[in-house]
Every structure is written in structure tokens, then in C-alpha cells.
Amino acid sequence: MGLFDSHSALIARYDAARAHGQMPTGVVMDRLLSASEAIINGKRTVTAGTHNYLGLAFDEACIEAAVAAVRAEGTGTCGSRIANGSFSDHVALERELAAFHGMAHAMVFSTGYQANLGVISTLVGAGDFLLLDADSHASIYDACKQTQASAIRFKHNDPASLDARLRRLSDQPGVKLVVVEGIYSMLGDIAPLRDIVAVAKRHGAFVLVDEAHSMGVLGERGCGLAEQEGLLGEVDFVVGTFSKSLGAIGGYCVSDHAQFDILRLACRPYMFTASLPPATVASVRAALAAVRERPGLRARLWRNTRRLYDTLTAAGFQLGPTPSPIVAVCLPSDEITMAMWRALLDDGYYVNIGLPPATPSGESLLRCAISAAHSDAQIDGLADALIRLGRAFGVLPDVRCAAAL
């Protein structure tokens with residue numbers, strides 16, 4: 001029995017794909033030029049796969065805040081907050097996140113993955129029930145492995161499916177925690193949160209919303225889907241990340257529950273991980289201020305999103321069901337998806353690729369992550385390249401041939 005034998009099927013697929021050219025795992029950005037461009041393979045390339053939704057990873061105020069923090073407080077904290085104490089900016093950021101969401105409490109984690117892993121696995125345990133959308137992020141599924149609670153999936157974005165599962169548990173003691181996302185990361189579709197919250201409350205269940213891809217994107221103030229739906233006072237926990245709209249790394253959870261701070265003593269991914277370095281916290285605070293004070297960034301993001309989504313829809317591509325900054329192009333096979341991805345990169349456009357088993361229903365996807373920083377020319381160029389390649393690979397009809405018939 002070999003050490004990697006359990007991964008033999010994945011190894012075979014990887015080797016087969018690698019034999020046909022460059023793999024997504026092998027892409028090196030030689031130099032970042034801006035929030036929307038990089039040098040890849042020696043060529044100027046539009047980056048449409050970085051989730052830098054508001055362009056704040058290159059925002060001057062965020063950069064200067066990070067530089068000043070490094071000079072004042074050094075490059076790292078060198079330990080957890082339990083062991084080494086909190087820096088004043090950690091505490092300030094938590095106050096600002098709580099106030100931003102209109103909630104009483106906030107905790108900051110070193111990654112968004114750890115926020116989901118830690119909070120979910122700590123809130124429920126033996127005798128409890130964790131109900132999660134079938135298309136949940138890997139961090140949510142991994143939280144299931146870290147808890148003794150019974151994990152139960154319900155159909156994606158289906159409140160009736162959730163209702164049926166909660167009804168079956170009606171005579172079971174124990175906490176019921178429902179976990180959904182604001183915007184789902186593969187297809188970019190948006191949860192029917194109002195209906196899901198109504199079902200959960202009817203059965204006495206708690207609700208956690210992962211706003212990783214929707215914080216900064218949805219809502220009048222950019223708080224996410226819960227704000228957009230008027231449900232910030234109805235959901236029990238909101239989890240988010242700093243690595244999307246806020247242009248950095250890290251995660252957080254906010255809540256109004258009076259005993260929320262006990263998580264600092266019970267949540268292992270919080271207790272036993274080094275806290276975020278001063279530069280990251282400072283840049284996140286500046287980015288959060290930009291979300292609050294510059295709604296034009298969000299408006300620009302949505303204008304770019306609709307420009308690409310509408311153009312690709314009109315061309316005949318099958319996309320995710322709702323417009324969002326994740327514009328997912330569904331393709332008929334893994335082979336065509338990989339070939340089109342490589343051709344796009346050769347043309348100067350970097351996008352994400354999604355292949356089974358990571359994708360819903362075994363779909364093969366090219367995922368475009370749109371930013372407020374993209375210009376009209378960059379959006380139109382990406383659309384033109386996708387349409388041209390779609391015709392070349394037989395995904396879209398060749399309009400020239402059709403006109404000749």
C-alpha cells in the first residue's frame with residue numbers, strides 16, 4: 001500500500017491534464033501591475049480570477065496603512081492572541097466590524113477558512129444537528145468533520161428541502177444550526193435567504209450566513225445579503241472574509257448573542273493560530289472604511305458584472321442562474337474547459353477553472369471574478385475572447401457558418 005494510493009484517481013486525471021499543457025496550479029504571476037493586470041508567462045494579462053471585487057488590494061490608502069503599521073509594529077505578532085495578547089488594532093477592527101453589521105460582538109480569525117471551521121465546529125457538538133446547503137464551501141464541509149454534531153445536507157437553495165429535514169428532527173433534542181452562503185462561490189448564485197430564515201425560525205433553528213463573496217458586494221452599505229434582505233436582526237451569526245472585497249487575508253464572525261465571547265476560549269482555530277499581522281489588520285481597517293464611505297466602488301462592480309453577464313448570455317453561453325461578480329461559464333466537458341482556459345491565458349486573460357468534484361452537479365466551469373477595477377475595454381475584451389473561443393471549440397454556433405446556410 002503506497003502513501004498516495006488513495007489519491008490514485010486524482011493523480012491520473014492530473015497527469016492526463018498536465019500532458020496537454022500548462023495547469024492552473026502552475027500559473028505564476030511574475031509581477032502584479034495593478035488590481036486588474038499582471039505579467040504572466042512574460043505577457044501583460046488581465047486578471048479576472050482574483051476575487052478582488054472592489055479593487056482594494058491596490059488601493060493607495062490600504063497600502064499606506066499597511067506600510068505604516070509595519071514600520072510601527074513590525075511584521076508579525078508571533079503567536080495567538082490568547083498567548084501573546086491582542087494588538088490595539090485587533091480590538092479596533094473587531095469593534096468596527098461589529099458596528100458595520102449593527103451587531104454587538106465580533107471575532108477576527110487569521111483566515112476566512114478558519115472562521116467557518118472554528119465557529120461552526122464550536123457552536124454545535126454531540127447531540128446537535130448541523131444543516132448545510134449541499135453546495136457549501138469546503139470550509140463548511142470541513143467544519144462538519146471537526147464536530148460530533150450530525151451533519152445533514154439539504155438541496156441547494158431549496159427552502160422546502162430544508163423544511164422537510166427540520167420537520168423530521170422536530171422531536172429530537174439538541175441545537176439545530178442552519179448554514180448557508182450569501183453568494184455561492186462556484187456558480188455565483190444567491191441564496192433565497194428570506195425564505196430560509198423563515199423556515200429555520202419556524203422550527204427553532206439558528207442561522208449562520210457565510211458572506212465571504214457577498215460582503216462588500218450586496219446591501220446598501222455593503223454588509224452582504226443579510227443586509228440586502230433586511231435580515232441582519234434575524235440571522236444569528238455572519239461569517240466573512242478579508243480576502244475578497246477587502247483585498248487582504250483573514251476572516252471574522254459577528255453576532256448579537258450575549259455569550260458570544262466564550263468562543264475565544266472554546267474555538268481551537270482561534271486559540272491556537274497566530275493572530276493577523278499589524279499590516280494586514282491596518283489594511284483591512286482602511287478597506288472597511290472604503291466599503292462604508294465609497295459606494296461608487298460597489299456601483300462600478302455591478303456595472304462591470306452586468307456588462308459581462310449580459311454579453312455572454314446574449315451570445316448563447318450557459319451561465320450561473322443569477323448575475324453576480326462570479327460569472328461562471330458552464331462548458332460541456334473537462335477537456336474543452338481546460339483547452340479554453342489555456343487559450344484564454346494565451347490571449348492575455350486569466351480566469352479560474354472549476355472541475356468535478358469541486359463543482360456542483362459535476363459541472364465544468366470557467367469562472368470569471370469581476371472587479372470594480374476592470375475597465376470597459378478589459379470587460380469587453382474578455383467577453384470577445386470567450387465568444388470567439390466558444391465558437392472555435394463548438395460551444396457556441398459559428399455565426400458565419402449559420403449565415404451562409
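Step by step: first the residues of segment 75-125, then only those that are small (Gly, Ala, Ser), in a helix (DSSP H, G or I) and at pLDDT 95 or above, then the one that is farthest from the chain's Cα centre (by Cα). Which residue is that?
Applying the first criterion (small (Gly, Ala, Ser)) to segment 75-125 yields 76, 79-80, 83, 85-86, 88, 92, 98-99, 102, 104, 106, 110, 112, 115, 118, 121, 125.
Filter once more, keeping what is in a helix (DSSP H, G or I): 83, 88, 92, 98-99, 112, 115, 118, 121.
Add one more test, that the residue is at pLDDT 95 or above, and what stays is 88, 92, 98-99, 112, 115, 118, 121.
Details: Ser88: 28, Ala92: 24, Ala98: 20, Ala99: 22, Gly112: 9, Ala115: 13, Gly118: 17, Ser121: 19 Å.
Among those residues, the one meeting the criterion is Ser88.
Scanning segment 270-282 for residues that are over 19 Å from the mean Cα position of the chain (by Cα) and either part of a helix (DSSP H, G or I) or β-branched (Val, Ile, Thr) (or both) yields a total of 7. Among residues of segment 362-377 being open to solvent by 30 Å² or more (accessible area, probe 1.4 Å) and of a type outside the set (Ser, Thr, Tyr), the one that is farthest from the chain's Cα centre (by Cα) is Ala377. Filtering segment 336-357 to residues that are surrounded by 19 or more Cβ atoms within 10 Å (Cβ to Cβ) and either over 21 Å from the mean Cα position of the chain (by Cα) or not aliphatic (A, V, I, L, M) (or both) leaves Thr337, Met338, Met340, Trp341, Leu344, Leu345, Tyr349, Tyr350, Asn352, Gly354.
Is there a residue in segment 152-163 that is assigned to a loop (DSSP other than H, G, I, E, B), open to solvent by 40 Å² or more (accessible area, probe 1.4 Å) and small (Gly, Ala, Ser)? So far as segment 152-163 goes, no, none of its residues is assigned to a loop (DSSP other than H, G, I, E, B), open to solvent by 40 Å² or more (accessible area, probe 1.4 Å) and small (Gly, Ala, Ser). In segment 197-209, which residue that is in contact with a Phe, Trp or Tyr (Cβ under 9 Å, 6 or more places away or on another chain) and either open to solvent by 10 Å² or more (accessible area, probe 1.4 Å) or not in a strand (DSSP E or B) (or both) is nearest to Thr241 (Cα to Cα)? Looking at the filtered set, the residue picked out is Phe206. Can you work out which of the residues in segment 236-269 that are more than 20 Å from Ala369 (Cα to Cα) and part of a strand (DSSP E or B) is nearest to the chain's Cα centre (by Cα)? My answer is Val239.
Note on segment 132-148: among residues that are among the aliphatic types (A, V, I, L, M) and open to solvent by less than 10 Å² (accessible area, probe 1.4 Å), the one that is nearest to Pro356 (Cα to Cα) is Ile140. The C-beta contact set for segment 206-235 (first residue within 20 Å of Ala290 (Cβ to Cβ), second residue modelled with pLDDT under 95 and crowded, with 20+ Cβ neighbours inside 10 Å, distance under 6 angstrom, 6+ apart or interchain) comprises His213/Ser185.
Do you know which residues across segment 365-380 are under 11 Å from Thr305 (Cα atoms) and either part of a loop (DSSP other than H, G, I, E, B) or of a type in the set (Val, Ile, Thr) (or both)? Answer for segment 365-380, where residues must be under 11 Å from Thr305 (Cα atoms) and either part of a loop (DSSP other than H, G, I, E, B) or of a type in the set (Val, Ile, Thr) (or both): Ile370, Ser371, Ala372, His374, Ile379. Between residues in segment 15-34 that are at pLDDT 80 or above and residues that are surrounded by 11 or more Cβ atoms within 10 Å (Cβ to Cβ), which pairs lie under 6 Å by C-beta distance while being six or more apart or on different chains? Listed by first residue and then by second, the contacts come to Met29/Ala38; Met29/Ile40; Asp30/Ile39; Arg31/Ile39; Leu32/Ala38; Ser34/Phe58.
If I filter segment 39-54 for residues that are of a type in the set (Ser, Thr, Tyr) and more than 30 Å from Met23 (Cβ to Cβ), do I get at least one hit? No, that holds for no residue.
Test Ala72 against the criterion of being in contact (Cβ under 8 Å) with a residue 60 or more places away in the chain, open to solvent by 20 Å² or more (accessible area, probe 1.4 Å) and part of a helix (DSSP H, G or I), and give yes or no. Explain how you work it out, then say what you get.
On the way: in contact (Cβ under 8 Å) with a residue 60 or more places away in the chain: yes; open to solvent by 20 Å² or more (accessible area, probe 1.4 Å): yes; part of a helix (DSSP H, G or I): yes.
Here the answer is yes, as Ala72 does meet what is asked.
Under the condition of being in a helix (DSSP H, G or I) and crowded, with 21+ Cβ neighbours inside 10 Å, the residues counted in segment 310-335 number 1.
When Glu64, Glu37, Glu60 are checked against the criterion of being closer than 28 Å to Met186 by Cβ, at pLDDT 95 or above and either out of contact with any Cys (no Cβ under 6 Å at 6 or more places or on another chain) or open to solvent by 10 Å² or more (accessible area, probe 1.4 Å) (or both), Glu37 stands alone in meeting it.
The values are calculated or read from the model by the stated rules, or taken from the named source; none is laboratory data. Values in this document were obtained by computation on a predicted structure and should not be read as measured data. We place every Cβ from the backbone using ideal geometry, glycine too, and count neighbours over all the protein chains shown. Please note that ligands, DNA and RNA were not included when accessible areas were found on the heavy atoms of the full protein model with its side chains. Shrake-Rupley method; radii C 1.70, N 1.55, O 1.52, S 1.80 Å.
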